[in-house]
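Contents: one structure, followed by commentary.
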Amino acid sequence: MNELLALTNKFMFVLIRAAGVVMAAPIIGTTMAPVRIKAALVLLLALVLTPVVPGTSPETAGVLAFGIYAVRELLIGLALGIVAAMTFGAFQLAGELIGTQMGLSMGELADPLLNQSSSAISQFLNIMAMLTLLALNGHHWFLQALGASFQSVPLGGAELSPSLVSGIVAKFIDLFVAGLKMAAPAIGVLVLVTIAIGMLARAAPLLNIMMMSFSLRIAAGLVLLGFLLPYMYKLGRYLLEGMQSDLGLLIKAM
């Protein structure tokens, strides 16, 4: 009876950590993925990993102790998923900056990937990042990181170390800078286009430059995206490939 109870506790803690990863990970963690699919995936991961996870579940004398350890396991899973999802934030930032310069911010669409409104350019770059991640078999990295986390961080052994917090903050800053770099060429050219439109308005005040500017900026932005897509793809692929090492560093810092 005691062995069955210990195995049940171990299964529950593995289930909670796996649920944290699935909730926060890109693609599968978005609102586009059906809840039933997420629940089935979490249950399958827990069933597969429980027999191979080393050690036993922590001693839980009462509901309060169980709740504390459950929150710890959930935070581990969420940390793994959030670090991966932060990479997609660079694509979103770049898309929002470019879309704003193109004048598309006034017509933002509902983004089912992020469950919020975003520009068409941001949605396009997010889809490009998702397809690139799948082409790199990046969805396997989350499963590998989840399995490796049980080797480095035993059940109930997670701690919020200063190195973990500083590492996440440093990664956030790096991804913010990467998003700016991704959008910088397009922003620079579109700013020049805006200046040229302003000069044209001064030279020909009778022209309805205000109406023309929207079409000109959107056309210039689309042409620029066509030229810059190879550059964005290479930078985006570099960021996504670095996600695997980021997950490993995060596990070591726990």
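With a 1.4 Å probe and all protein chains kept in place, how do 229, 80, 75 rank by accessible area, largest first?
Working: 229 55, 80 5, 75 105 Å².
Largest to smallest exposure gives the sequence 75, 229, 80.
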**Request:** Report the label-to-label distance for residue 174 and residue 35 in nanometres (one decimal), using points 7 Å from each Cα along the Cα→Cβ vector.
**Result:** 3.7 nm
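How far, in nm, would the chain grow between residue 234 and residue 120 when pulled straight, counting 0.36 nm per residue and subtracting the alpha carbon separation?
Working: separation 114, 0.36 × 114 = 41.04 nm, distance 2.08 nm.
Fully extending the segment from residue 234 to residue 120 adds 39.0 nm.
Quick one: ranking 35, 191 by accessible area, 1.4 Å probe, largest first, what do you get?
Details: 35 115, 191 60 Å².
From most accessible down to least: 35, 191.
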**Request:** Obtain the nm distance between the two label points defined at residue 152 and residue 48 by a simple spin-label model: each point lies 7 Å from its Cα along the Cα-to-C-beta direction.
**Result:** 2.0 nm
**Complete:** So residue 203 and residue 63, fully extended at 0.36 nm per residue minus their Cα-Cα distance, gain in nm 42.8 nm
**Prompt:** For labels at residue 136 and residue 7 in the simple 7 Å Cα→Cβ model, what's the distance in nm?
**Reply:** 4.0 nm
**Asked** Residue-wise, which Karplus ³J(HN,Hα) couplings in Hz belong to the range 136-144, taking 6.51 cos²θ - 1.76 cosθ + 1.60, θ = phi - 60°, and x for glycine or proline?
**Response** 8, 6, x, 5, 6, 5, 5, 5, 5
**Request:** Report residue 237's accessible area, 1.4 Å probe, all protein chains in place, as a number in Å² to the nearest 10.
**Result:** 90 Å²
**Fill in**
If R0 = 41 Å, then residue 215 and residue 166, at their Cβ-Cβ distance, give a FRET efficiency to the nearest 0.05 of 0.30
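At 1.4 Å probe size, put 11, 172 in order of accessible surface, largest to smallest.
Working: 11 45, 172 125 Å².
Descending accessible area places them as 172, 11.
The values are calculated or read from the model by the stated rules, or taken from the named source; none is laboratory data. Quantities reported herein were computed from a predicted structural model and do not represent experimental measurements. FYI the Cβ positions are ideal-geometry reconstructions off the backbone, even for glycines, and counts take in every protein chain you see. Areas reflect the complete protein model, heavy atoms only, side chains present, ligands, DNA and RNA absent. Shrake-Rupley method; radii C 1.70, N 1.55, O 1.52, S 1.80 Å.
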